[in-house]
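This report refers to the structure that appears directly beneath it.
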Amino acid sequence: MRTRLEKWSLLLSAAAVFVLPTVSSAQLSTSDIDTRLGTESHVGNITGHAKDAKGDYRRYCVGCHGPLGDGNGENAPYMQPPMYQQPRDFQLGIFKCRSTPTGTLPTDQDLYDAITRGFDRSNMPQWNTLSKQQRADLVAWVKHFSPRWVGEKPGTPIPIPPEPEVTAERIKAGRDVFARMQCWKCHGVQGMANGPSASTLQDDLGRPIAAFNFTDGTRPKCGDTDQDIYRIFMTGLDGTPMPSFADNIKPDEAWDLVFYLRTFMSQKSKEKEMAKQLALKPVDPNAPAGQQ
Amino acid sequence: MQVSDRFRFRNILQLASSFAAVALVLASIVLTCSQPANALPAFARKYGLRCSACHESWPMLNYFGQKFKDNGYQLMNDRDAPIWQNPGYWPVVFRITPIWHRVSVGKVQVDTYTAGAPDGGQAIQRVSSSGFDLSGLDFHTGGTLEKNISFYLLPSSDPTGAFHFEQVFVRFDNIFHSSWFNFKLGRFELDNLLSEKRILTLTGNGGIYQTYHFIPQGDGNIFGQIGDNQLGIEYLGHSADDRTRISASLVSSSDGNVNLSTTANAYTGFFAASQAFDAGRLGVQRVGFYAMAGEASTYYLTEGGVPIGGSGIGNKSFSREGFVGQFYFGPHVGLTVVTQHGSDNAWFGQGYGNAEATDGNGGTTATCSSPAPGCPLNNVPGTPLPAGAQSPSWNGATFEGHYIYSPQLIFIGRYEVEKMSQQANGAACTACLQSSSGTFTASGATPSNFGNISTYTIGFRYNPFMTSRAGLAWHNEYNWLHQDGTGPANLTTGALTNINTSEILMGLDFDF
Amino acid sequence: MRNRHNLAVVLSAVVLVGCAALILSQGVNAAGEGKITGTVKLDGPAPHMKGIDMSKDPYCSKAHASDPAHYETYVAGANGGLANVVLYIDGWTGAAQASNAVLVFDQRNCMYTPHVLAMDTGESFKVQTSDQTAHNIHPNPNPMTGNIPWNQSQPPGSPPVEKSWKATEFIPVKCNIHPWMNGWFAVVKGPYATSDENGNFTINNVPPGNYTVTAWHEAAGTQTQKVTVAAGAAASANFTFKAK
């Protein structure tokens, strides 16, 4: 009792304003969340309604994401990195796969695509068996867990210019971008996720996380089209060490980098063929900046 | 469950009507007092998904579960191979079903008694029996051996404890990295969208789909039962999202009986295709069709009059085909429809075909010498097809409706109807063979409705708790079955009689 | 869960009451503004700060070849002064502070300069890099406060990133590429100061009135003191922290 009183007086004497934010992230109760049951989503011409997704969430999602959407479902403790990523905490409203700049909310379409695509190398399957309406409803349901959607608007999707033709010059230019941005610090000079900083990476919750290994045949988490790869490094994967490069890579250079990254991937591609003909060497991590 | 299980509850006992009440009370006590054990259904445990993610209501699959199965028990997230499995994963599920049930057969020919002794007379009366029971024990084990290679093994015990293998197969999936190339080899259930192995009801007559097992009275072809596990190889192709599915299998015409003893040298093909489409708020609908066409022997070499197993020749043909639809009307209401048109060669209609009585589980129990009453017939060389014998054909349909109150509670209602469209014995029949049931002697046309079935089943399954780790359903159902002309013949007039059978079943379906 | 929720309600109530009391007690005085000055000291010897092994990045280790880098959790001056303590006025209800200098958070020699950057809510600051190695600047606030985490790349020659924060919060900043790099954005309301390496500070532009000054240190915690500021005069507030 005494220690409790002491704790209280300590807390009160501290700036109470600052205590609030330091309470663990999973702080919303069902009644808080229920006030947002009217949340809607708009995907294409479909309007999703949070309240219609209640049954589907209970049927398909709750085991991992938990009844409060905080990622603390009954199975979450068993999903240990690096074998699995832990389930997303929807209350925070922070998502890896976005078309919008870092630090902004994703669009409804982004969430819809994530549900449809699932996440490779995680426990999140592809929910493309659900009808479009069901998925749109689930998007609204996912949003209703976080108060962020009440006051904030999703970011404006970053523009992606039309994809140019792949050329040897572009692949070489992409290699320069890779060197200049020092992507290899985490991803390694051959894209094998073995850069000098790879072993110390942590996500925002302090859990170990691996850089993407381009060479092992798996798909990038946020999609594997050229546009998806473009989007991944330009928006960054919020909540992870992967930053946004939007301020540092020009759109045209970004395509060069996409083509160069393709040369790492084990899947057959035009880029891979061209790189072979060019006999491209991996970047030299010890070369002075600008002299690759 | 195999067709021969149908009559397994028919031991005749005296009904004590109070048993029903006692059983209900006991069931409630068990339900309220039992702690959920750390039971771990294999796949749910492996992936941490709840039962409800894959099962509309366990064991019936929903579309997501069907896709998981079609991918070779894989979520396709690059975490399916065994090295990614949580050490707590053990790919075995036990299923036991302790139940109380009551069977009431409308017409049974029984001995009559005078002052405590048989008086030599006979009467036809209703016989009811009830009691506690077990419907057997299943060991399901299955999963991935390696990425894209998986297996399934289902040893199953009948209520006496005798084991047999219900399903044994390996599958190879996503060959050439394509979801259109998947193969399965072994003993497996045919690609029925409405899976009988995943049926939600358990009674003798209601625990199978009549449409999947219908055989005209006296017909010797047991090989066209699409509900039974079959031995063979299956090709399956599907789109990545499983909206489009197509499968073709080649199986032995042995009704799944092993050791080439039942029949041999005859094969059956089964083809199924379906397409799902998004119907907005109603949900994802699926329509498809299936066709089975095959041959089976009608003639066996004999030694001392006894057919030699595996010596079947004299192949005759049969076919089954129909449409399948899985319709949803919003999140709570679903309706599955299966239709069937079946046709057997006239030889089968006359009782030729199955040379050996099977136990329905892959073995044989007795070898008949033929021809003998009660035994299948052998189409020995030179046997003429009786005048007036014709191909029996029929039409059937199954309508199964679900009301899904929540992932934990489902109500089931089913209506099935099987109607003969052409009897084996036509109007010109003068020497058609006697039906093997012995209930009527054929002369002239068999009554057109003889052997028709209509049956209703209603029930519900309630999972008192739902986690990723246990499956326990409290199960209640009622089935009523009517069949035309197959009751005991009227004792004075010898006229055909219809028979009604009803069953009540309540109990627990454990899956752990 | 419920307890936490109740705690939050109680605390918000306390804050509201406190604010109300402050408003009532503070007479509006149009006379010249005062300031609060003082020193923050560390009681006892400064804890030993571990050296940083930067060998994974040759650029970083070269930069510190003659002057080995240490963690900066406690930076104490020769006189026992404690640096990097943020001082601000608890429950400030006045206007936002006009920013007279551009706040800069520099990535220099694989360390953050300053280690703690204090700012008012809504005040903009610049993140820049002086290094020839790639960083990423990754503040990790709690999004429930209204401050949203972001993560931007800072390869050599990056243009500065200009940002601001909405809500009061002490926000840890890190670079995932160089895990030893950590710093703080101290977002407060109203006038603020950060103690220098001698522990000295001055909070300017404080209108006369009664205040509670709070001193925050990233590891040693917070302390408060009541002060009365007279028109045009300097009130004094000294703090002594114990290393934890």
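The values are calculated or read from the model by the stated rules, or taken from the named source; none is laboratory data. None of these values were measured; they are calculated from a predicted model. Heads up, the Cβs are rebuilt from the backbone with ideal geometry, glycines too, and the neighbour counts pull from every protein chain shown.
Looking only at region B:387-420, which residues are among the hydroxyl-bearing types (S, T, Y) and without any contact (Cβ under 8 Å) to a residue 40 or more places away in the chain? Residue satisfying the conditions is B:S406 alone.
Selection of region C:135-146 for residues being closer than 14 Å to A:T240 by Cα and within 7 Å of chain A (Cβ to nearest Cβ) yields C:N136, C:H138, C:N140. If I filter region C:105-119 down to residues being surrounded by fewer than 23 Cβ atoms within 10 Å (Cβ to Cβ) and either in contact with a Lys or Arg (Cβ under 8 Å, 6 or more places away or on another chain) or free of Cβ contacts under 8 Å to residues at least 24 places away in the same chain (or both), which single residue comes out as farthest from A:P285 (Cα to Cα)? Once the filter is applied, the top-ranked residue is C:T113. Just one of (1) under 24 Å from B:L194 (Cα atoms); (2) more than 11 Å from chain A (Cβ to nearest Cβ) fails for B:P91. It is (1). Of the strands (runs of 3 or more DSSP E) lying entirely inside region B:152-260, those carrying at least 3 residues that are closer than 19 Å to B:T336 by Cα are B:244-252.
Consider region A:222-245 and keep the residues that are away from chain C (no Cβ under 14 Å) and not in a loop (DSSP other than H, G, I, E, B). The one that is surrounded by the most Cβ atoms within 10 Å (Cβ to Cβ) is A:R231.
Restricting attention to region A:52-61, the residues being without any contact (Cβ under 8 Å) to a residue 40 or more places away in the chain and either more than 9 Å from chain B (Cβ to nearest Cβ) or crowded, with 21+ Cβ neighbours inside 10 Å (or both) number 1. What are the pairs with Cβ atoms under 6 angstrom where one residue, in region C:150-161, is over 22 Å from A:G93 (Cα atoms) and within 7 Å of chain A (Cβ to nearest Cβ) and the other, located anywhere, is surrounded by fewer than 18 Cβ atoms within 10 Å (Cβ to Cβ) and small (G, A, S)? Sequence gap at least six, or different chains. Short answer, once both residue conditions are applied: C:P156/A:A289. Among residues belonging to region A:208-221 that are buried (at least 17 other Cβ atoms within 10 Å of the Cβ) and away from chain C (no Cβ under 14 Å), point out the one that is nearest to A:E273 (Cα to Cα). The residue in question is A:F214. Taken over region B:116-162, residues that are in contact with a helix residue (DSSP H, G or I) (Cβ under 8 Å, 6 or more places away or on another chain) and surrounded by fewer than 19 Cβ atoms within 10 Å (Cβ to Cβ) amount to 5.
Listed here are the residues, each with its yes/no results for (1) under 27 Å from C:V40 (Cα atoms); (2) modelled with pLDDT under 95; (3) not in a loop (DSSP other than H, G, I, E, B).
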| position | (1), (2), (3) |
| --- | --- |
| C:I148 | no, yes, no |
| C:V187 | yes, no, yes |
| C:N198 | yes, yes, no |
| C:N204 | yes, yes, yes |
| C:A215 | yes, no, yes |
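What residue, among those in region A:95-133 that are of a type in the set (K, R) and surrounded by 21 or more Cβ atoms within 10 Å (Cβ to Cβ), is nearest to the other protein chains (Cβ to nearest Cβ)? Step by step, filter region A:95-133, then rank; the result is A:R121.
What are the residues in region A:1-39 that are crowded, with 17+ Cβ neighbours inside 10 Å and either in contact with a Gly (Cβ under 6 Å, 6 or more places away or on another chain) or modelled with pLDDT of 90 or more (or both), if any? Residues satisfying the conditions are A:I33, A:R36, A:T39. Here C:Y88 clears all of (1) closer than 30 Å to C:Q225 by Cβ; (2) surrounded by 23 or more Cβ atoms within 10 Å (Cβ to Cβ); (3) more than 9 Å from chain A (Cβ to nearest Cβ) except the condition numbered (3). Of the candidates C:S130, C:S195, C:S124, the single residue that is in contact with a strand residue (DSSP E or B) (Cβ under 6 Å, 6 or more places away or on another chain) and surrounded by 17 or more Cβ atoms within 10 Å (Cβ to Cβ) is C:S195. Would a scan of region B:83-90 turn up a residue that is modelled with pLDDT of 90 or more, assigned to a loop (DSSP other than H, G, I, E, B) and more than 20 Å from B:I412 (Cβ to Cβ)? The answer is no; no qualifying residue exists. Residues that are more than 22 Å from C:T145 (Cβ to Cβ) and touching a Pro at 6+ places or on another chain (Cβ under 8 Å) within region C:177-213 comprise C:I177, C:I203, C:N204, C:N205, C:V206, listed in sequence order.
Of the listed requirements (1) within 14 Å of chain A (Cβ to nearest Cβ); (2) in contact with a Lys or Arg (Cβ under 7 Å, 6 or more places away or on another chain); (3) not hydrophobic (A, V, I, L, M, F, W, C), C:D57 misses just one: (2). For region C:200-207, does any single residue satisfy the condition of being within 25 Å of C:G32 (Cβ to Cβ), over 14 Å from the mean Cα position of the chain (by Cα) and buried (at least 21 other Cβ atoms within 10 Å of the Cβ)? Yes, the conditions are met somewhere in region C:200-207. Restricting attention to region C:162-185 and to residues that are under 30 Å from C:G34 (Cβ atoms) and in contact with a Gly (Cβ under 9 Å, 6 or more places away or on another chain), the residue that is nearest to the other protein chains (Cβ to nearest Cβ) turns out to be C:E169. One residue stands out among those in region B:66-75 that are free of Cβ contacts under 8 Å to residues at least 60 places away in the same chain and at the interface with chain A (Cβ under 9 Å from one of its Cβ atoms): the one that is nearest to A:Q126 (Cα to Cα), which is B:L75.
Give the residue that is nearest to A:F233 (Cα to Cα), with candidates limited to residues of region A:246-281 that are in contact with a Leu (Cβ under 9 Å, 6 or more places away or on another chain) and in a helix (DSSP H, G or I). Across region A:246-281, the extreme among qualifying residues is A:Y260. Out of curiosity, is A:D204 touching a residue at least 60 places away in the same chain (Cβ under 8 Å), in contact with a Gly (Cβ under 8 Å, 6 or more places away or on another chain) and outside the structural domain of A:A246 (by TED's automatic domain parsing)? In short, no.
Filtering region A:178-207 to residues that are more than 10 Å from chain C (Cβ to nearest Cβ), on the phi > 0 side of the Ramachandran plot and surrounded by fewer than 21 Cβ atoms within 10 Å (Cβ to Cβ) leaves only A:A193. State which residue is nearest to the other protein chains (Cβ to nearest Cβ) when the search covers only region B:261-280 and only residues that are part of a strand (DSSP E or B) and touching a residue at least 40 places away in the same chain (Cβ under 8 Å). Applying the filter and picking the extreme gives B:A276. From the list C:T214, C:T224, the one residue that fits, being among the β-branched types (V, I, T), at the interface with chain A (Cβ under 10 Å from one of its Cβ atoms) and surrounded by fewer than 21 Cβ atoms within 10 Å (Cβ to Cβ), is C:T224. Looking at C:Q132, C:Q107, just one residue is within 14 Å of chain A (Cβ to nearest Cβ), farther than 30 Å from A:R148 by Cα and part of a strand (DSSP E or B), and that residue is C:Q107.
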